[in-house]
Amino acid sequence: MTTYIPSCSQQTIDVPTPKAKPSKRNAKKEPLATKRSVRWGDESVAALFRLRYSSHLTTRFDSKNNAEKKTAYVMLATELRVVMESEYDVAQIQDKVHKFDFYPSLT
C-alpha cells in the first residue's frame, strides 16, 4: 500500500502501514497444562509434617535466606515423593504447609 506523505518536493514514498497490536485484554492465551491435584490423606500429611518439623530439613527452613528456604522445599518434596511413592509438587507442599500454619483449626 502506498501512503502519500506531503513534503517539500511532493513525492510519494512507499511506507509499510504499521500493523495494529493485538490488545492484551483480548489476546488469546495458551491453555495451561492441567495439573493433577494431590489427594492428601492422613498418612501423607503426617509424613509431610514429620519431614518438615522433625527431620534433618528443619534447620534449613529456619534460615533467613530465601534461596535456602526454596531449596529446603525442593528437598522436602523429593523426600516426600520417596516416602509416599507419589508425585508431589513444591507448590502443593508449600500450600499445604501454609494452610496448616495459618489455620491451625484445620488439624
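Here, each number is a calculation from the coordinates, and none is a lab measurement. Just so you know, these numbers come straight off a predicted model, no measurement behind them. Heads up, the Cβs are rebuilt from the backbone with ideal geometry, glycines too, and the neighbour counts pull from every protein chain shown.
Some observations on this one:
- Model label sites at Thr17 and Trp40, defined 7 Å from Cα along the beta-carbon direction, differ in position by 5.7 nm.
- Taking 0.36 nm per residue of separation and subtracting the Cα-Cα distance, full extension of the segment from Tyr103 to Val90 would add 2.7 nm.
- Evaluated over the stretch 42-106, the Cα radius of gyration and Dmax, each in Å: 11.3, 31
- Entries in Lys24/Lys99; Lys64/Lys99; Lys24/Lys96; Lys24/Lys69 that, when Cα-Cα distance is taken, lie over 29 Å: Lys24/Lys99; Lys24/Lys96; Lys24/Lys69
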